[in-house]
1. Estimate the FRET efficiency between GLN196 and GLU19 by the formula 1/(1 + (r/R0)^6), using the beta-carbon distance for r and 41 Å for R0, to the nearest 0.05.
2. Please compute, over every Cα-Cα pair in segment 1-129, the percentage with a separation greater than 23 angstrom.
3. If you count only protein heavy atoms and use a 1.4 Å probe, how large is the accessible surface of SER6, to the nearest 10 Å²?
4. Order ARG126, ARG40, ARG72, ARG51, most accessible first, counting only protein heavy atoms with a 1.4 angstrom probe.
5. Could you check the spin-label model distance between THR94 and LEU43? Points 7 Å from the Cα along Cα→Cβ, value in nm.
6. Could you order the peptides 103-109, 26-32 from most to least packed, using the average number of other C-beta atoms within 10 Å per residue?
7. Please compute the contact order of segment 2-79 in relative form: average sequence separation of alpha-carbon pairs under 8 Å and at least six residues apart, divided by the residue count, as a percent.
Amino acid sequence: MRMITSAAGSIADTVSDREGQQFMQALLTAPRIYVAGAGRSGLIAKAFAMRLMHLGMESYVVGETITPAMQRGDLLVAFSGSGETHSITDICKTAKAVGGTLALITSRTESSMATTADMTVVLNSRPYDDEGLPSDFAIRQITGEHRSGAAYNPKAPTGSLFETAAMIFSDAVILELMDLRHTATDEVEDNYSNIQ
């Protein structure tokens, strides 16, 4: 757990303030917010949409039966570590074709989705997920930070650090939205489901 949280903290340190501010502005000004993602990224997207709903914002998950047609000016938030997932790439193209704004949460600065996105927030998990050991690995070994055999490879299971970082980023965005919209905790709790 310490190894994974340390890596997630390192990813957080690389997030661009400018990208984050641009994303926040898009969320605050969009009439409606749609979210999309496949696999584990899709689960993070759904959690984000639920949190937005708890704040009283109009949010929808692409592909759900009750999701209305997207219109010009609406915002699509796509979660994709690779930026290349075919089904999400098609959704992004459609959103742009109807006049929507595309915000991409990804680990890659160059991808099919990034080329069409109006804004991108990069959560740089690639040094951990894709490219082996982080640059300070030797130092960590010398200082004894990693002691077990499993710790010689500081990766999360099956490269899931992007999703971990995306969840943390999403929750940080929600906290900032609560502050900017002056939303009290009890107002959020009033929107919790009461028929589950």
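The values are calculated or read from the model by the stated rules, or taken from the named source; none is laboratory data. It should be emphasised that the depicted structure is a prediction, and the values quoted were computed from it without experimental measurement. Backbone-built Cβ (ideal geometry, glycine too); neighbour counts: all protein chains shown. Please note that ligands, DNA and RNA were not included when accessible areas were found on the heavy atoms of the full protein model with its side chains. Shrake-Rupley method; radii C 1.70, N 1.55, O 1.52, S 1.80 Å.
1. E(calc), rounded to 0.05, equals 0.70.
2. 28 percent
3. SER6 has an accessible surface of roughly 40 Å² with all protein chains in place.
4. ARG72, ARG40, ARG51, ARG126
5. Label at THR94, label at LEU43, 2.4 nm between them.
6. Ranked by mean Cβ neighbours within 10 Å, highest first: 103-109, 26-32.
7. 36 percent
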